Amino acid sequence: MERPARVDRCDNCGSVLVQRTLEQNDKFHAVVQDIADQKKWAGELRTVEVWKQLISAAYERAKGRHTEVLPALDGHGVDVVYWHSSRRGKKDMADLITFAESWAIDNDVKLRNEEETHAQIAQG
């Protein structure tokens, strides 16, 4: 079941956006979970949250948008600043999911099929 759309405005151009659907959110998280379960990055398995950041930042660069690497507020290291998936419209979220799936397939990640995705979501 699709949740009611929340209307938001684009930070860049001010146009009205219809936020991503619950189904898109679930699909993206399923793809990222598959990646997190199977793929090491920089020598270690990474959490879903880390993979969401890595995929989102790579997607932004692929779309010609920028992510910023800024000095950390506490002076220790750097932080990457990018547009979070919760702020994406339906079209952009669909493109992000396709990007994540393509990256996973290109990097030998076995993605669960739609039935498995829906069963896992239903089980919570």
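Values for this structure:
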{"item": "Stretch gain in nm, segment V80-N113, where the contour uses 0.36 nm per residue and the Cα spacing is subtracted", "result": "8.7 nm"}
{"item": "Difference of contour (0.36 nm per residue) and Cα-Cα distance, A94 to Q38", "result": "17.9 nm"}
{"item": "Cα-Cα over 19 Å, subset of K40/K63; K27/K90; K39/K91", "result": "K40/K63; K39/K91"}
{"item": "Projected label distance in nm at C13 and V69, using a 7 Å step from Cα toward the beta-carbon", "result": "3.0"}
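Here, each number is a calculation from the coordinates, and none is a lab measurement. These figures come from a predicted structure and were not determined experimentally. Using ideal geometry, Cβ is built from the backbone for each residue, glycine included, and neighbour counts are taken over all protein chains shown.
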